[in-house]
Ligand code: SF4
């Protein structure tokens, strides 16, 4: 099994908190970029080693900004270069203001069966403050448009800890999200990434950071409301109705190989991480000349162990210690069990019925420090 990620690094404008790689150069570069991604798929398909491709994910950036003819060309090119016959999940990320009735119909025709939308907040004043282009009403309309087009696997992203947000306004945002009954919801705490516009605003005292305690309270409210509404809390930041876990994102957490195409995309095949340059021009020039542009990092045994532990702990499946022992040997197994014992006694970890080690609700709040103790950290 394998997944394909395609990075579409174009946005119509920059959100103030974002440090993802994206540019405003779609008009100039869109066509060349799409052709480069198709060429890269041809150059690198052997890296999949014949694994069956189950998921395709177009992320960004803002993939919904790609004009439909370019999106069609991209999908046709990928179908030509890769065997997508076993595809189970085809996701595209979208901004709510791009999700018109017509756009929904066209992407459904292309085989998209899941849409992940950056809603972030249901307050227009906050959306404006963080530089989002859409309104809360546009997000609501977008969900209706998707359903009308027959796309019934919808994920929405929210952010907590935004400037001006209180526990009460956050609770209202979660209520509004639940009223839409999306199949999947991801919620992330705001981080002030150095160099972003929001980071500068905080430095200048123009925005005030929500205290950490209040962010934790928001997270607790989120978990409570979503689990009461029937969502499975299957990863620290992700919730889904039964049967709607993101298959693509699950491949990042459960060691399934994935091939990342496009500028700034990452790939992992179980032993080696590859990353493409976060530079549109360099990426296009290199791929067009028939050369891949990725940097490679072969992980050591202990780095792979650390990865397994950290990613496993993020999920409700947890860490399979017997599998750790099989892959990494007795020394790794003893280290994990020894360190885990302290956290079991402290109530941060538990051994689930299936024998895996899983973070408790308290442990999730301390996940960084629990992970730090359990990894090997050469
Ligand atoms: S639309 Fe997404 S990728 Fe683009 S600037 Fe905003 S948050 Fe970043």
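Restricting attention to the range 163-185, the residues that are buried (at least 20 other Cβ atoms within 10 Å of the Cβ) and farther than 18 Å from residue 139 by Cα add up to 1. Quick one: in the range 3-21, which of the residues that are under 19 Å from residue 71 (Cβ atoms) and within 9 Å of the ligand (Cβ to nearest atom) is nearest to the chain's Cα centre (by Cα)? Among them, the one singled out is 9. For residue 87, state whether it is away from the ligand (no atom under 14 Å from the Cβ), modelled with pLDDT of 95 or more and under 21 Å from residue 276 (Cα atoms). It is false that residue 87 is away from the ligand (no atom under 14 Å from the Cβ), modelled with pLDDT of 95 or more and under 21 Å from residue 276 (Cα atoms).
I'd like to know if the range 4-22 contains one or more residues that are closer than 16 Å to residue 74 by Cβ and at pLDDT below 95. Before you say what the answer is, go through the steps one by one.
Residues of the range 4-22 that are closer than 16 Å to residue 74 by Cβ, as a first pass: 4-10.
The next check asks that each one be at pLDDT below 95; those that pass are none.
Checked against the condition, which is being closer than 16 Å to residue 74 by Cβ and at pLDDT below 95, the range 4-22 yields no hits at all.
The set of residues in the range 353-370 that are exposed (fewer than 13 other Cβ atoms within 10 Å of the Cβ) and more than 18 Å from residue 216 (Cα to Cα) comprises 353, 354, 355.
Select, from 84, 178, 162, the only residue that is in a loop (DSSP other than H, G, I, E, B) and within 22 Å of residue 214 (Cβ to Cβ). Before the answer, list the steps.
Working: 84 fails: within 22 Å of residue 214 (Cβ to Cβ); 178 fails: in a loop (DSSP other than H, G, I, E, B).
Being in a loop (DSSP other than H, G, I, E, B) and within 22 Å of residue 214 (Cβ to Cβ) holds for just one of 84, 178, 162, which is 162.
For residue 29, the conditions (1) in a helix (DSSP H, G or I); (2) within 16 Å of the ligand (Cβ to nearest atom); (3) modelled with pLDDT of 95 or more are fulfilled apart from (3).
Evaluate the following for residue 118: is it at positive phi and either more than 16 Å from the ligand (Cβ to nearest atom) or out of contact with any helix residue (DSSP H, G or I) (no Cβ under 6 Å at 6 or more places or on another chain) (or both)? Before the answer, list the steps.
Values: at positive phi: no; either more than 16 Å from the ligand (Cβ to nearest atom) or out of contact with any helix residue (DSSP H, G or I) (no Cβ under 6 Å at 6 or more places or on another chain) (or both): yes.
No.
State yes or no: is residue 188 surrounded by 13 or more Cβ atoms within 10 Å (Cβ to Cβ) and touching a helix residue (DSSP H, G or I) at 6+ places or on another chain (Cβ under 9 Å)? Against the criterion (surrounded by 13 or more Cβ atoms within 10 Å (Cβ to Cβ) and touching a helix residue (DSSP H, G or I) at 6+ places or on another chain (Cβ under 9 Å)), residue 188 does not qualify. Candidates 115, 75: the one that is touching a strand residue (DSSP E or B) at 6+ places or on another chain (Cβ under 6 Å) and crowded, with 18+ Cβ neighbours inside 10 Å is 115. Answer yes or no: is there a residue in the range 51-61 that is more than 28 Å from residue 159 (Cα to Cα) and over 21 Å from the mean Cα position of the chain (by Cα). Yes, because at least one residue in the range 51-61 is more than 28 Å from residue 159 (Cα to Cα) and over 21 Å from the mean Cα position of the chain (by Cα).
Looking only at residues in the range 221-236 that are closer than 17 Å to residue 158 by Cα and without any contact (Cβ under 8 Å) to a residue 60 or more places away in the chain, the one that is surrounded by the most Cβ atoms within 10 Å (Cβ to Cβ) is 231. Among the residues of the range 126-159, those that are away from the ligand (no atom under 16 Å from the Cβ), buried (at least 20 other Cβ atoms within 10 Å of the Cβ) and part of a loop (DSSP other than H, G, I, E, B) comprise 149, 151, 153.
When the test is whether a residue is without any contact (Cβ under 8 Å) to a residue 24 or more places away in the chain and either within 16 Å of the ligand (Cβ to nearest atom) or crowded, with 21+ Cβ neighbours inside 10 Å (or both), residue 24 passes it. Inspect all residues belonging to the range 54-63 and state whether any of them is in a helix (DSSP H, G or I) and within 16 Å of the ligand (Cβ to nearest atom). Checked against the condition, which is being in a helix (DSSP H, G or I) and within 16 Å of the ligand (Cβ to nearest atom), the range 54-63 yields at least one hit.
The values are calculated or read from the model by the stated rules, or taken from the named source; none is laboratory data. The structure displayed is predicted, hence computed values, not measured ones. Note that we place each Cβ from the backbone using ideal geometry, even for glycine, and neighbour counts take in every protein chain shown.
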